[in-house]
Amino acid sequence: MKLLIDFFPILLFFGSYKVYDIYVGTAVLMAATVLQMGLVYAMDRRLPMMHKITLALVLVFGALTLFLHDDRFIKWKPTVLYGAMAIGLMVTVWLLKKNFLKLLLGSQLELPDPVWQRLNLIWIGYCFFMAGINGYVAAYYSTEDWVNFKLWGYAFPLVFILGQGLYIARYLKSDGPET
């Protein structure tokens, strides 16, 4: 259910873009993201920080796109989001000497500290990669190509999450009885 909630704004954006244009798509994305966050809040009674940041960026960059009638703003939103995430992870680990991923997920996952450190570095690299590839497509390709990339580019996060799951699986303790 949560996976469907996570993907429905981008699917509605894609569909409305294909039927209408980038500006209708942007308005639909903004409305769908507000609805998405309302559903997340209704289910969890809280809105995680990443969701708050995503909502703020969608609304700010979407509003700029609509008010200035300039699609560059919505196209650069993912680059700003991923770049900010990478910088935030770097600041917390190297300046604050904290591992943000461990702080965020440590109550759900019990992993050795070196694994948390590697995961943090992997996430930094992934976020910079995603910021770079979105920035490249936004700058050098048409809006049509960028929208298609945005939809089909979701393969990157899915592959990343799968790879990350395979990596940490060997460190997870089994809850079942030993045989």
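Tabulated values for the structure
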item: Residue among M85, M37, M50 with the largest mean-square fluctuation in a Gaussian network model of the chain, springs linking Cα atoms under 10 Å; result: M50
item: Proximal lysines relative to K75, as straight alpha-carbon distance under 24 Å, when same-chain residues fewer than 8 apart are discounted; result: K18, K52, K150
item: The chain pair-distance distribution - Cα-Cα, 5 Å bins, rounded %; result: 1, 7, 14, 18, 19, 16, 11, 7, 4, 2, 1, 0, 0
item: Partners for K102 among aspartates and glutamates (Cα-Cα distance below 13 Å; same-chain residues under 8 apart left out); result: E110, D113
item: GNM flexibility winner over the chain from T92, T79, T65 (Cα, springs under 10 Å); result: T92
item: Of V60, V40, V19, the one that fluctuates the most in a GNM where the chain has Cα springs shorter than 10 Å; result: V19
item: Mean Kyte hydropathy of 1.6 or more with a Cα span along the axis of at least 24 Å, helices from DSSP in the chain; result: 49-68
item: Value at 222 nm in deg cm²/dmol, rounded to 500, when DSSP H runs of n ≥ 4 in the chain each add -39,500 (n - 2.57); result: -26000 deg cm²/dmol
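Every number here is computed from the coordinates shown, using simple stated rules; none is lab data. Bear in mind that the values here come from a model prediction, so they are computed numbers and not experimental data.
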